[in-house]
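Peer 1: Below is one structure. I have some questions about it.
The values are calculated or read from the model by the stated rules, or taken from the named source; none is laboratory data. This structure is a prediction, so every number in the text was calculated from the model and none was measured. No Cβ is skipped: glycine too gets one built from the backbone with ideal geometry, and neighbour counts run over all protein chains shown.
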Amino acid sequence: MGLSGAAPTIVPPPEPVVAPPVLTEMSPYLSELPRAGLRPEMLDRPTPAKANLLALFSTQDYPLDAIQKEEAGTVAVVLRVSADGRVTDCVVTQSSNSPSLDSQTCRILWMRARFVPAKDVQGRPVESAWRQRIRWELPEPEPTPFKPWSARYTLEFVEDGGLISCRADLGGAIKEQDAQCGLVSDMWGSALGSLRADAGYQRRTLVLDTEFAPGSQIPPAKSIKGLELFGRQVARLTVDASGKPLACRVVEFEGLQPSPDGCDDLLSDTYESPGIGVGAVEATMVRSAYVGEVQ
């Protein structure tokens, strides 16, 4: 369920040249080089960064929608650097083909990057430009534990889709870094959309429960005070000795389901090895949703 891995890698810029970079057609939503005030001579002024630009990026900066769409790629930008060493504009000169990654690259560099100001022949601080390439690589997902665990996500929302808050309560083998409120709420996205339509601007609560355990025993259905059961699905997974899911079938269900394809979405997960030499074992996954007014 969780996401881990190295932060986006950073590629050192090439040696400065007099000619400005060519703006591609893939970044029409950002300012063009001339309109950004970037002139050829600005690219030939030494402007060292005050810190390694790699340290400005982390796995947590990866846009959620880009993760969901499995988007990755390289973004090339030109930064306009003021006489006090701050970024005043960012122009994408090579797109990653992901608007989210392009804009996130500029957003992070604009807010966090600081440079030693360039100087003219009289030693006075002047504007300059800096070219950078950032390669975004999707973090490798950690395998889902194959020991008993539970996760409860409590979300508050309003009709317009604004997520007011999200809280994760975890138990068993699941790790704290596996708590991904955005990804879990997206699993019930269509259901949440229908709830928003009925909610008006009144705040509502959506509770998402997931329980996992090796074996075929089905835990009893729960009730949450003040909330109504919106949907419940009990799925039976078959996993081989390496943790690869081989099959999934729904054995019980009630109300709206988290996936229109039954439990096929669980087949894309990876699991820890169940600790058997050969063959396959079964596990049970129960996913439930509850909804009600904010108390």
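Peer 1: Out of the residues in region 48-72 meeting the condition of being of a type in the set (Ser, Thr, Tyr) and outside any helix (DSSP H, G or I), tell me which one is surrounded by the fewest Cβ atoms within 10 Å (Cβ to Cβ).
Peer 2: The residue in question is Ser58.
Peer 1: Restricting attention to region 216-268, which residues are more than 21 Å from Trp149 (Cα to Cα), touching a Gly at 6+ places or on another chain (Cβ under 8 Å) and free of Cβ contacts under 8 Å to residues at least 24 places away in the same chain?
Peer 2: none
Peer 1: Moving on to the next point. For region 130-157, which positions are part of a loop (DSSP other than H, G, I, E, B) and modelled with pLDDT of 90 or more?
Peer 2: Glu137, Pro145, Phe146, Lys147, Pro148, listed by residue number.
Peer 1: Which of (1) more than 20 Å from Ala51 (Cα to Cα); (2) touching a strand residue (DSSP E or B) at 6+ places or on another chain (Cβ under 8 Å); (3) at pLDDT 90 or above is the odd one out, the single condition Pro99 does not satisfy?
Peer 2: (2)
Peer 1: In region 73-94, what residues are surrounded by fewer than 20 Cβ atoms within 10 Å (Cβ to Cβ) and closer than 27 Å to Glu140 by Cα?
Peer 2: The answer is Gly73, Thr74, Gln94.
Peer 1: Next question, about the same structure. Output the number of the condition that Val121 fails; it satisfies all remaining conditions of (1) in contact (Cβ under 8 Å) with a residue 60 or more places away in the chain; (2) outside any strand (DSSP E or B); (3) at negative phi.
Peer 2: It is condition (1) that Val121 fails.
Peer 1: Moving on. Inspect region 102-110 for any residue being outside any helix (DSSP H, G or I) and surrounded by fewer than 19 Cβ atoms within 10 Å (Cβ to Cβ) and give the result as yes or no.
Peer 2: no
Peer 1: Give the residues of region 79-93 that are of a type in the set (S, T, N, Q) and touching a Ser or Thr at 6+ places or on another chain (Cβ under 6 Å), sorted by residue number.
Peer 2: Those that are of a type in the set (S, T, N, Q) and touching a Ser or Thr at 6+ places or on another chain (Cβ under 6 Å): Ser82, Thr88.
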